[in-house]
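Just below is one structure, and these are the notes that go with it.
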Amino acid sequence: MARNTFVTLQEGSTGDAVVNLQECLKTVGVYSCKSNGVFDERTKAAVIKFQKNNAMTADGIVRGATMSALVRCWWY
């Protein structure tokens, strides 16, 4: 059986996964910058804000639990 995996995103990460993250952060209202695919200090600050708003460990690192919470917020 195939298992879905998630790549951890953190400051310094780049690429399409970061663009997707930034778009999700915009959708939930914690990020207002251009989605540029670079996990910079503004992206980290938005992740921390989202994590705090959702009673998560606010370390600015997007692991599976943070992304799952983002996706749940985005869908509802």
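Of all trypsin sites (Lys or Arg not before Pro) in the range 28-64, which ones are in loop regions per DSSP and have a Cβ with at most 11 other Cβ atoms within 10 Å?
Counting only loop positions with at most 11 other Cβ atoms within 10 Å, the trypsin sites (Lys or Arg not before Pro) in the range 28-64 are Lys34.
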Translational diffusion coefficient of the chain at 20 °C, 1.002 mPa s, Stokes-Einstein with Kirkwood Rh over Cα pairs, in µm²/s as a whole number.
175 µm²/s
Can you pull the percent of the chain's accessible area that's carbon plus sulfur, 1.4 Å probe, other chains left in place?
52 percent
Can you list the aspartates and glutamates whose alpha carbon sits under 16 Å from that of Lys49, skipping same-chain ones fewer than 8 residues off?
Glu11, Glu23, Asp40, Glu41, Asp59
When only C-alpha pairs under 8 Å and at least 6 residues apart count, what is the relative contact order of the chain, in percent?
35 percent
Treating only the Cβ atoms of Lys and Arg (+1) and Asp and Glu (-1) as charged, compute the dipole magnitude of the chain about its Cα centre; round to the nearest 20 debye.
220 debye
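The values are calculated or read from the model by the stated rules, or taken from the named source; none is laboratory data. Since the model is a prediction, treat every value here as computed from it, not as a measurement. Don't worry about glycine lacking a Cβ; one is built from the backbone with ideal geometry, like all the others, and counts go over all protein chains shown. Ligands, DNA and RNA are stripped out before the accessible areas are found, and what is left, the full protein with its side chains, is counted by its heavy atoms. Shrake-Rupley method; radii C 1.70, N 1.55, O 1.52, S 1.80 Å.
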